[in-house]
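Notes to accompany the following structure.
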Amino acid sequence: MGRPNKPDADPENADYHPAIRLAAGWLARWTVRRPLLVALALLLLGGASTAILLLRTNFDPDILNLLPHDLAAVEGLRVYQDSFAQNRELAFALTWEEPPANADEYRQQFADALKREPWVLRLMGEDLAENPEAPKFVQEFALPLLLNLPPDTLKQKIAEWQTPALESRIAALAAEAKKGSFRARLELENDPLGIVGTSMAPLWEKMSPEQSLDLVSADETTILIPAITRQEDLSPTASQKLMEKVHAFVVSMREEMGPEGPTIMVTGRAAYVDEISTSMNRDLALTSLMSLLGVTAIFWLGFRRMMPLLGIALLLSLSALVATAGGAVIFHQLNVIAIGFCSILFGIGDDFSLLICQRFYREQALGRSREESIAIAVGRNAAAILWVAATTGIGFLALCFSGSKGFGQLGALVAGGVALCAILMLGGLPLFLGGKRQASSARTGPAGAYALLSARKPWRPLVVAAVLFGTTALIAVIPWRALKFDLSPGSLEPTDIPAAHALGLMREKFPDSFEPLLLVMKDPTPERLQAVEKTLAELKAEGLLTQTSVPSPLVLRQTDLTENRKALEAADLPQILQRAEDAFRANGLNPASLTPQKELLNKLHSPTLGSGQTWAELLPEESPWWFLLDRVISPDGNVIAASLQAKKGIAPEERLLLENRISAIQPETYLTGWSQMIVSLVPWAYRELMLFGSAVLGLITIALFVVYRDVRQWLIHLLSLAAAAGAIAATLKMLNMPINLLNVLAFPLILGVGVDYGTHLILAAREGSKTLAGTVKAVALSGLTTMSGFGALLFASNPALSGMGVICAVGVAWCLISSLLVVVPLTAGRQARPRP
C-alpha cells in the first residue's frame with residue numbers, strides 16, 4: 001500500500017483556506033504528539049470551574065424573576081413582596097372533605113401547639129373579642145390612631161369632653177344598657193368617653209379588614225391559621241432550615257390528631273423557596289442526565305464507537321460546568337428557568353461532535369493517518385461550527401432583551417455554553433478519535449442514498465415537501481382552532497410541590513384573600529392618598545370596582561402626631577375623668593369600671609406619647625394587629641397596599657383599563673395581584689412574539705447572507721425556515737397544545753437552533769456529494785440529539801421550562817424535516833448539474 005494522499009490531494013479539500021489549514025494542522029500535531037498537555041489544560045479548566053461552583057452556586061427560586069420587569073403589574077407585585085413582612089408568614093390549612101362537627105376543637109388544639117413552637121413569633125387564629133387581653137390590644141392600637149387623626153378632629157373631640165355632651169353621652173349609653181343593649185353595655189365598660197370609637201372611625205370607614213382576614217371557608221371545610229415566623233434571613237438555606245422544623249411539627253400534629261383529624265397543608269414564601277430550591281436541584285440533575293443519555297445513545301446509534309462517546313460526554317459536561325461557573329460569577333443566582341440550559345446545551349453541542357466524527361472517519365476510510373484525518377475533520381468543519389455557534393448564540397442572546405431576568409440568564413448561559421462547546425469540541429474531541437480503523441463508522445447508509453437521490457432526482461423530495469408544507473401552511477392560516485394560551489397563574493408555577501397544592505386549595509376556598517386586586521403605592525403622602533381615594537371612588541361609581549379598602553388611616557403623619565400630642569398635653573384630662581365619674585354615679589353606674597379609661601387617659605397625658613415614628617415603635621411585636629398591618633403597610637411606612645374588589649366577570653380589557661387609570665394617578669402606583677399580572681402579560685406576549693421573533697429573524701437573515709454570499713442559497717435557506725414556521729403553527733393548532741405566556745420566547749429559540757441544519761447542509765453541498773452525504777447523516781443525528789435535549793425538559797417540574805422544551809422539540813423537528821426536504825434537494829440538484 002502506498003503512502004496515503006495528502007489532505008489537499010482530495011478535490012474536495014483543494015480550496016482549504018491557508019489560515020484554517022495551519023491552525024487545524026497545529027491542533028492535530030498537538031493532539032497526536034502532546035495529548036497529555038491538551039488533557040491537562042482541560043482538567044485545569046474543569047477544576048477551576050468546580051471550585052467556583054462550590055463557592056458561588058446559589059439558586060433564585062423567585063417566579064417573578066421569570067417575568068418582564070417593565071410591566072406595572074409585575075413591578076407592583078415585586079414591590080409588594082419586597083416591602084411587606086408577609087415574607088415571614090406561613091399559612092396553615094386544616095381541611096376536611098366534609099364540614100366537621102368539632103372543627104373549633106381541632107383549630108384550638110393546633111393553634112395552642114403552634115404558639116408553643118420557638119420558631120413562631122405570633123399567629124392569628126383566635127377571635128380578638130374572646131381574648132381576655134382584648135381591651136389592652138384595642139387600646140394600644142387606638143392610641144396611635146387617635147394621634148394620627150386630623151388635628152381639627154381631635155380638638156373637636158377634646159372640646160366635647162369639656163362640655164355637657166360628655167354627661168349626655170354617658171346618660172344615653174346607660175339608658176340603652178338598662179333596656180338590654182349589649183353594645184351599649186360593652187361601650188360603657190370599654191369606651192365610655194368614645195376615645196376608641198373616635199380613633200377607629202376612619203379605619204372602619206376606609207378599610208374592610210375583615211374581608212382579607214377570613215379564616216373559615218364559605219363551605220366550612222377549611223380553616224386557615226396564619227403565623228409569622230422568626231425567620232430573619234430569607235435565603236434558601238434559612239428557608240430550608242425553617243421548613244425542616246415546620247414539617248416535623250406537621251408530622252407530630254397529624255399523629256396527635258389521629259386519623260379523624262384534618263389534612264394539614266402549609267404554604268408561604270419559606271415553603272415555596274424550600275420546595276422550589278429542591279425541585280431546581282432535581283430538575284437540573286434529571287434533565288441534564290436525560291439529555292446526556294439521549295445524545296450519547298444517538299451518537300452510538302450513528303457510529304458505534306466507545307472512546308468518542310466518552311469524550312463527547314466529558315466535553316459536554318465540561319462545557320456545562322464552565323458555563324454554569326461563569327453564570328454563578330456573573331449572575332450570582334441562577335433562576336428557576338436558567339437551570340434548563342444544561343439539557344439544551346447537550347442537545348445543541350452534540351451537533352458539533354457528530355460533524356467532526358463523521359468527517360474524521362471518512363478521511364480514515366480513505367487511508368489517511370490519524371493526524372491528517374484530525375486536521376481535515378477540524379479544518380473542514382471549523383468555519384461551519386463557529387458560524388452555527390454564532391447564529392445559535394444570536395437566537396439565545398436575544399433573550400437578554402426580553403425583559404425577563406430568568407430567560408435572560410438562560411439565553412446568556414446557552415449562548416456562552418454553545419460557544420464553549422464549539423471550541424472544546426474542535427480542540428478536545430480529537431483526543432478521543434483514533435484507534436482501529438472501522439469502515440462502518442464512515443458509512444452514510446440511508447443518508448447517503450437520500451443525498452444521491454436528491455442530486456439525481458431532486459424533484460421527488462421536492463414534491464413531498466410541497467404537499468407536506470403546503471398542507472401545514474394552509475392549516476396554519478385558516479381560522480380554525482387558534483393558538484391556545486394558558487392564562488392561569490399555575491402555568492408559571494411548579495405543579496408538583498406541596499406548597500403549590502396548598503396555595504391552590506386556598507385560592508379556591510378563599511378567592512378574595514388569595515386572588516386579590518392590590519393597589520401598591522410608594523411614598524404614600526396625604527396628597528397622593530387623596531388622589532388615590534378620588535380615583536377609586538370614580539371607578540366604583542363607574543361599576544368597575546365594587547369594594548375598596550385603603551389603609552390611609554394607618555399611614556402615620558408625623559406632623560399630626562406632634563400637634564395632637566401637644567393638644568392632649570394641654571387638655572385637663574384629670575378634670576374630664578372626674579366629670580365622667582360623676583356622670584357614672586348620677587346614672588347609677590359603678591365608677592370603678594372607669595379604671596381602664598383612667599389608664600388610657602394617663603397614657604394620653606404621657607409626655608412620651610406619640611414619640612415613636614413607625615408602627616414598630618408604637619406596637620409590641622406580639623400584638624394581633626400586626627396581621628392587619630403586615631398586609632397593608634410596610635414596616636418603614638414607605639409602601640401601602642390597598643385591597644380592591646372588581647366587579648364579577650370583569651373582562652381582560654376592563655382590567656387593563658383599571659390598570660391604566662390607577663397607574664396614571666401618581667408615579668410608582670401599581671395595580672397588581674397574580675390574576676391582574678397574568679392579564680397584563682397577554683399584550684406583552686403577543687408583542688414579544690412579533691417584535692422579538694422578527695428581530696431574531698432579521699439578525700439571522702443578515703448573518704446567513706454574510707456566510708453564503710450567494711443570493712440563491714440564502715433564499716433556499718429562508719424558504720426552509722418559512723416552511724418550518726408554518727408547520728410548527730399547524731402542529732400546535734392540531735394538537736391544541738397550550739402555550740403559557742412565557743413560552744412565546746421559545747419561538748425565537750427555534751429559529752436560532754433550527755437555522756443550523758440548513759447552514760451545515762448548504763456549506764457541505766459546496767464541497768461535493770461525498771461531503772454532503774456525510775453531513776446529511778450528521779445533521780439527521782444532530783436534529784435527533786437537539787430534540788432529545790429539549791425533550792428532556794419535559795421532566796422539569798416548572799411548567800414554563802417543560803412547556804418551552806415541548807415547543808422547541810416540535811420546532812426543531814420541523815426545522816430538521818424542512819432542511820432535509822427543501823435545502824438538500826435544491827442545493828444537491830444544483831451542485832450535481834454540470835457547470836459550464
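The values are calculated or read from the model by the stated rules, or taken from the named source; none is laboratory data. Just so it is clear, the structure is predicted and the values come from calculations on it, not from any experiment. Every residue, glycine as well, gets a Cβ built from its backbone with ideal geometry; the counts of neighbours run over all protein chains shown. What goes into the accessible areas is simple: the full protein's heavy atoms, side chains included, and nothing from ligands, DNA or RNA. Shrake-Rupley method; radii C 1.70, N 1.55, O 1.52, S 1.80 Å.
With respect to the conditions (1) closer than 26 Å to L413 by Cα; (2) buried (at least 23 other Cβ atoms within 10 Å of the Cβ); (3) basic (K, R), K777 falls short on a single one, namely (1). Of the residues examined, S643 is one that is of a type in the set (S, T, Y) and modelled with pLDDT of 85 or more.
Elements of the type helices (runs of 4 or more DSSP H) sitting completely within the stretch 324-443 and holding at least 2 residues that are in contact with a Gly (Cβ under 6 Å, 6 or more places away or on another chain) and without any contact (Cβ under 8 Å) to a residue 12 or more places away in the chain: there are none. The single condition among (1) touching a residue at least 12 places away in the same chain (Cβ under 8 Å); (2) outside any helix (DSSP H, G or I) that L114 does not satisfy is (2). Among the residues of the stretch 718-773, those that are β-branched (V, I, T), out of contact with any Asp or Glu (no Cβ under 8 Å at 6 or more places or on another chain) and under 28 Å from M677 (Cβ atoms) comprise I728, I750. Filtering the stretch 343-354 for residues that are small (G, A, S) and either in contact with a Cys (Cβ under 7 Å, 6 or more places away or on another chain) or more than 28 Å from V706 (Cβ to Cβ) (or both) leaves a non-empty set. Among residues of the stretch 282-341 being among the polar types (S, T, N, Q) and open to solvent by less than 30 Å² (accessible area, probe 1.4 Å), the one that is farthest from the chain's Cα centre (by Cα) is T296.
Scanning the stretch 791-833 for residues that are within 37 Å of the chain's Cα centre (by Cα), open to solvent by less than 20 Å² (accessible area, probe 1.4 Å), at pLDDT below 80 and over 19 Å from L483 (Cβ atoms) yields a count of 4. Reported count of residues in the stretch 481-536, each being assigned to a loop (DSSP other than H, G, I, E, B) and at pLDDT 85 or above, is 3. Here are the criteria: (1) surrounded by fewer than 22 Cβ atoms within 10 Å (Cβ to Cβ); (2) in contact with a Ser or Thr (Cβ under 9 Å, 6 or more places away or on another chain); (3) within 29 Å of R282 (Cα to Cα); (4) aromatic (F, W, Y). Tell me which single one W387 does not satisfy. Failing condition for W387: (3). You will find that of R230, R183, the residue that is among the basic types (K, R), under 30 Å from P144 (Cα atoms) and modelled with pLDDT under 85 is R183 and no other.
Here I478 fulfils each of the conditions (1) modelled with pLDDT of 80 or more; (2) in contact with a Phe, Trp or Tyr (Cβ under 8 Å, 6 or more places away or on another chain); (3) open to solvent by 30 Å² or more (accessible area, probe 1.4 Å) apart from (2).
Out of E621, E617, E581, one residue alone is touching a residue at least 40 places away in the same chain (Cβ under 8 Å) and charged (D, E, K, R). It is E621. Report the residue count in the stretch 172-195 for those that are assigned to a helix (DSSP H, G or I) and open to solvent by 40 Å² or more (accessible area, probe 1.4 Å). Qualifying residue count for the region: 11. Comparison of Q597, Q613 shows that the only residue that is open to solvent by 30 Å² or more (accessible area, probe 1.4 Å) and either in a helix (DSSP H, G or I) or at pLDDT below 80 (or both) is Q613. Can we say I376 is buried (at least 24 other Cβ atoms within 10 Å of the Cβ) and at pLDDT below 80? No, not satisfied. Considering the stretch 390-439, and only residues there that are of a type in the set (F, W, Y) and crowded, with 20+ Cβ neighbours inside 10 Å, the residue that is modelled with the highest pLDDT turns out to be F432.
For L518, the criteria (1) more than 26 Å from I633 (Cα to Cα); (2) open to solvent by less than 60 Å² (accessible area, probe 1.4 Å) hold in every case but one, which is (1). Has the stretch 212-234 got any residue that is in a helix (DSSP H, G or I) and closer than 30 Å to S643 by Cβ? The answer is yes, given that some residue of the stretch 212-234 is in a helix (DSSP H, G or I) and closer than 30 Å to S643 by Cβ.
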